[in-house]
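The values are calculated or read from the model by the stated rules, or taken from the named source; none is laboratory data. If you're wondering where the values come from, they're calculated on a predicted model, not measured in any experiment. A quick note on method: Cβ atoms are made from the backbone with ideal geometry, for glycine too, and the neighbour counts reach across all protein chains shown. Surface accessibility is based on the protein's heavy atoms, side chains included, excluding ligands, DNA and RNA. Shrake-Rupley method; radii C 1.70, N 1.55, O 1.52, S 1.80 Å.
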Amino acid sequence: MDDIAAVAVIGLGLIGGSIARALRCKADIHRIIGIDKNADYVHAALEDNVISDGIVVDDSNMLSPIDADIVFICTPVSSVQTMASAIIPHVKKGCIITDTASVKAPIMHGIETILHDDTIFIGGHPMAGTEKSGYHAGNSRLLENAYYILTPSSTCDDEALDELSHVIRSIGAIPLIMDADTHDEVVAAVSHLPHVLASSLMHFTKDQHNSEYMKLLAAGAFRDMTRIAASNPYMWREICLANASAVKRSIDDFIAVLSRFANMLDDKDAESILSYFIDAKQWRSDMPIVNKSYVYPTFDIIVDVDDKPGTIGEIATLLGQHSLNIKNIGILNSREDTSGVLKISFSDRETQRTAVDILQSHSYKVFADS
């Protein structure tokens, strides 16, 4: 990356902070300028040696010159165009400006109206994240093996697109070129709608007359499906409003799918119900979720153990002796959809399989996901 002397990251939250960390650790870019309204984020990034230059901005110094070859705008969806408009007059010629917003069409259409002939803008959307937010929630591995969508503007040439793609690869992500409208239709279905559904499931159970029992007995399937309901509500309000038309179409289409299944139940149509689940299972199996997902994938095992003191410690010690890194471990209090009592998560399939072999060799009864 010898031709890139400096990169600026505006917004040091989860995504911006993770990009800055990855640029430092993986891309070996030595000058990283961190810009944020949150002074704590800027100071923390400086202390962590994630950024070399820190700027705390307010309305009075937002228009300061930015001496960078690439500028990542990692701010909320609603402020990307405003931020781009503010910095365009203050970046050097040939600087690539990009963003990380999860909605692309409104931003791209708006920015096209303010671009100069010598201004390079490439929309971006890293398909990675967690339900947590803020600088301290980020890490340098957040974007590893995640698709990173790029939506070039009319002023973007192949050289600039190749350069940004190279940077994206250097931080471990997988660049994918796509037009903005297609992007928004796709993410409405596979990202935005799931967040709406997760929140809707929470509302559904909360409003039932036996909601306390539902909260107590919610099993793994429910907890897995609703985990993302814990995400930042302000961020998701902005995303859904920015992509309102596509999200609404996805909701309408999803309601039609639910209605079709409801009709199968009314008709007691066993064959259609079976086919419904078989087709879904097959489509799920065909998805490359293991390697590329919106959130970190985990590879889980369930261990059937006695409820007695020291059991968890014994298993954790055994796995640790074989240098296996446990991502998460916990007791399943409701197990309607699984066997066993202790759930252990790993970051990769090889570690999962090694753990199964080790525990089975010590007479533990182990179940693993496929």
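Could you pull out the residue among 48, 69 that is of a type in the set (Asp, Glu) and surrounded by 19 or more Cβ atoms within 10 Å (Cβ to Cβ)?
Only one candidate passes the filter, namely 69.
Here is a list of conditions, (1) open to solvent by 50 Å² or more (accessible area, probe 1.4 Å); (2) on the phi < 0 side of the Ramachandran plot, and residue 97 meets all of them except one; can you say which number that is?
Status for residue 97: all satisfied but (1).
Could you please find all residues in segment 52-110 being closer than 17 Å to residue 6 by Cα, assigned to a loop (DSSP other than H, G, I, E, B), in contact (Cβ under 8 Å) with a residue 40 or more places away in the chain and not small (Gly, Ala, Ser)?
Listed by number, the residues that qualify are 67, 69, 74.
Is at least one residue of segment 82-97 of a type outside the set (A, V, I, L, M, F, W, C) and more than 21 Å from residue 8 (Cβ to Cβ)?
So far as segment 82-97 goes, no, none of its residues is of a type outside the set (A, V, I, L, M, F, W, C) and more than 21 Å from residue 8 (Cβ to Cβ).
Which of (1) at pLDDT 95 or above; (2) in contact with a Cys (Cβ under 9 Å, 6 or more places away or on another chain) does residue 15 not meet, given it meets every other one?
(1)
Consider residue 78 carefully, then state whether it is among the polar types (S, T, N, Q), open to solvent by 30 Å² or more (accessible area, probe 1.4 Å) and over 23 Å from the mean Cα position of the chain (by Cα).
No.
Restricting the search to segment 203-251, which residues are over 25 Å from residue 185 (Cα atoms), touching a residue at least 12 places away in the same chain (Cβ under 8 Å) and touching a helix residue (DSSP H, G or I) at 6+ places or on another chain (Cβ under 9 Å)?
205, 218, 222
Condition test on residue 285, is it of a type in the set (Ser, Thr, Tyr), modelled with pLDDT under 90 and closer than 28 Å to residue 191 by Cβ?
yes
Which pairs turn up if I take residues in segment 18-39 that are assigned to a helix (DSSP H, G or I) and look for partners that are at pLDDT 95 or above and among the aromatic types (Phe, Trp, Tyr) with beta carbon separation below 7 Å, at least 6 apart in sequence or on another chain?
From residues that are assigned to a helix (DSSP H, G or I), the pairs are 19/72.
Quick check on my filter: what residues within segment 15-31 are buried (at least 24 other Cβ atoms within 10 Å of the Cβ) and aliphatic (A, V, I, L, M)?
15, 19, 20, 22, 23
Is there a residue being open to solvent by 30 Å² or more (accessible area, probe 1.4 Å), modelled with pLDDT under 90 and of a type in the set (Lys, Arg) anywhere in segment 159-170?
no
Every residue in segment 214-239 that is farther than 16 Å from residue 132 by Cα and not in a helix (DSSP H, G or I), please.
218, 219
Mind counting the residues in segment 288-328 that are surrounded by fewer than 16 Cβ atoms within 10 Å (Cβ to Cβ), of a type in the set (Val, Ile, Thr), at pLDDT 80 or above and under 27 Å from the mean Cα position of the chain (by Cα)?
1
Condition (residue is under 28 Å from residue 43 (Cβ atoms) and not aliphatic (A, V, I, L, M)) applied to segment 116-128: is it met by at least one residue?
Yes, that holds for at least one residue.
So, in segment 237-261, of the ones that are more than 30 Å from residue 275 (Cβ to Cβ) and of a type outside the set (A, V, I, L, M), which residue ends up surrounded by the most Cβ atoms within 10 Å (Cβ to Cβ)?
Residue satisfying both the conditions and the ranking: 243.
From the list 198, 189, pick out the single residue that is in contact (Cβ under 8 Å) with a residue 60 or more places away in the chain, of a type in the set (A, V, I, L, M, F, W, C) and part of a helix (DSSP H, G or I).
Being in contact (Cβ under 8 Å) with a residue 60 or more places away in the chain, of a type in the set (A, V, I, L, M, F, W, C) and part of a helix (DSSP H, G or I) holds for just one of 198, 189, which is 189.
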